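Inspection log for the structure reproduced underneath, given as structure tokens.
The values are calculated or read from the model by the stated rules, or taken from the named source; none is laboratory data. Since the structure is predicted, the reported quantities are computational estimates derived from the model, not experimental observations. Because the Cβ atoms are built from the backbone with ideal geometry, glycine has one as well, and the counts that use them run over all protein chains shown. What goes into the accessible areas is simple: the full protein's heavy atoms, side chains included, and nothing from ligands, DNA or RNA. Shrake-Rupley method; radii C 1.70, N 1.55, O 1.52, S 1.80 Å.
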Amino acid sequence: MALTLWRHARLATMTADRPWGWIDDGALLVDGDTLRWVGPDAELPPGLGDGAEHDLGGAVLTPGLVDCHTHLVYGGQRAREFEQRLQGASYEDIARAGGGIRSTVAATRAASDGTLFTLARARLQALMAGGVTTVEIKSGYGLSLEHEARCLRVARQIGREHAATVRTTCLAAHALPPEFDGRPDDYIDAIVGWLPALQAEGLVDAVDGFCDTIGFTLAQTRRLFDAARRLGLPVKLHAEQLSDQGGAQLASEYAALSCDHLEHLSPAGVRAMAAAGSVAVLLPGAYYFLRETRLPPVPALREAGVPIAIATDHNPGSSPTLSLPLMLSMACTFFRLTPEEALRGATLNGARALGLDRTHGSLEAGKRADFAVWDVDHPNELAYEFGGSALRRLVAGGLPVDLHES
């Protein structure tokens, strides 16, 4: 593929050498799917601009956004449960009555592979229309070997057929399926038995679990993580969303890529994550939708140097949003992140939460050529405005994305 030069843009590279990694009049040289050179336009080395050239006329350009926590593959929807919560039922009440995750499991199992693919593809296209070029897709709505594998295959197919980078995470330990009622230890044993087959088929990039009052215990989560470690798979954890179970400390023992939610994260959990280098993935959509009141400990995370990422947590039960830019605004308003922290959370730190920070998440030579061009005067507007999209152009793997088809 010929070289392509994108020039005369205001670059928020999101490198750490200066605020926003800002370059006032910058240029990018794309070689195939890779950034070959990034810097001030005036310093463009001779001979590099011999291919196609795009003059961006001073537009703001950022890395493509990274949505590092989604559940895109599922059937059905749960608007009725949303109504029930407004009438006084709690998330836990609904789950214990057979709703919640289990209702989505039933709808997902009943859906064909083609239906699951069509639904998930439309969701990915909506994310990309908001500037996303990298996404994690978790399973967790199959809860059997057959149906977890189906969901992971659909996620892999989406990655093959779209320009976005897709990482797949096995979240079989999301909830207890009906056929294992009263037998959570047996279910964990079953998952441990499934993992080698799922890995052998090339379906799993990481292993996740839900460690909480309506999820799984520390001991059960440890057995899951031991199985992942034996297979050489990295781990992540839904931790401290509804209560402090010490999940972050446990995940840190396994050098978890990330711990996610974290509204009830303790000081000991913060220290453990800092020591392990785990990313704190904050999910303001779920915080908003569930009308939570306890804030994740952002000041403590900052002070400890824990990287903070932001994601949509798109799912039918607690965060049915498909706008990562909206999550930037919510992260600033609810969690008091700065706009720069929020954008870093949806770019470089989001990539780090997926183990991709060496290749994704910032505008640097050698990284994947993923970037977004915005109709704004400064990148702080991406968190300031909410409810719309200022995206002008999107490039993923060096190729312009048709935002009407993504």
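In this structure segment 176-234 gives 42 Å² per residue of accessible area when probed at 1.4 Å with all protein chains present.
Evaluated at q = 0.09, 0.15, 0.19, 0.22 Å⁻¹, a Debye calculation over the C-alpha positions of segment 1-127 (equal weights, vacuum) places log10 I(q)/I(0) at -0.52, -0.79, -1.01, -1.25.
A simple spin-label model places pseudo-atoms 7 Å from Cα toward Cβ; at Glu92 and Leu218 they are separated by 1.8 nm.
A Stokes-Einstein calculation at 10 °C with viscosity 1.306 mPa s, built on the Kirkwood radius of segment 131-262 over Cα pairs, returns a diffusion coefficient of 107 µm²/s. Take every Cα pair under 8 Å whose residues are at least 6 apart in sequence, average their separation, divide by the length of the chain, and the relative contact order is 20 percent. Relative intensity of segment 210-323 on a log10 scale, I(q)/I(0) at q = 0.13, 0.14 Å⁻¹, equals -0.45, -0.53, per a Debye sum over C-alpha point scatterers of equal strength in the absence of solvent.
Angle of helix 218-230 to the longest C-alpha principal axis of the chain, folded into 0 to 90 degrees and rounded to 10: 50°. Taking the protein heavy atoms of the chain in the context of the full set of protein chains, the accessible area attributed to carbon and sulfur is 51 percent at 1.4 Å. Nearest 10 degrees, 0 to 90: what angle lies between the long axis of helix 101-110 and the longest principal axis of the chain (Cα atoms)? Relative to the chain, helix 101-110 is tipped by roughly 80 degrees. Rg and Dmax, both from the Cα atoms of segment 70-166 and both in Å, are 14.5, 43. Its DSSP H runs of at least 4 residues, each contributing -39,500 (n - 2.57), put the calculated 222 nm mean residue ellipticity of the chain at -10500 deg cm²/dmol, to the nearest 500.
Phi angles across segment 12-20 convert, under the Karplus curve 6.51 cos²θ - 1.76 cosθ + 1.60 with θ = phi - 60°, into 3J(HN,Hα) values of 9, 6, 6, 6, 9, 6, 7, x, 6 Hz, Gly and Pro given as x. Evaluated at q = 0.21, 0.23 Å⁻¹, the base-10 log of the normalised Debye intensity for segment 312-403, with identical point scatterers placed on the Cα atoms, takes the values -1.22, -1.36. Taking a label point 7 Å from the Cα of Ala2 along the Cα→Cβ vector, which residues of segment 374-395 have an amide N closer than 20 Å to it? Only 395 pass the distance filter. Summing Cβ point charges (Lys, Arg +1; Asp, Glu -1) relative to the Cα centre of segment 80-126 gives a dipole of roughly 140 debye. So what's the chain giving for Rg/Rh, alpha carbon basis, Kirkwood Rh from the mean inverse pair distance? My calculation puts Rg/Rh at 0.97.
Normalised by 2.2 N^0.38 Å, where N is the number of residues, the C-alpha radius of gyration of segment 247-406 stands at 1.05.
Note the angle between two axes, namely the Cα long axis of helix 184-200 and the longest principal axis of the Cα atoms of the chain, as a number of degrees from 0 to 90, rounded to the nearest 10. Tilt relative to the chain: about 40 degrees. In terms of the mean number of neighbouring beta-carbon atoms within 10 Å, the peptides 368-375, 235-242, 154-161 order highest first as 235-242, 368-375, 154-161. Placing a pseudo-label 7 Å from each Cα along the Cα-to-Cβ vector at Glu146 and Asp402 gives an inter-label distance of 3.7 nm.
List residues of segment 171-193, by number, whose backbone nitrogen lies under 19 Å from a label position 7 Å along Cα→C-beta of Glu201. Under cut-off, by backbone N: 171-175, 177, 188-193.
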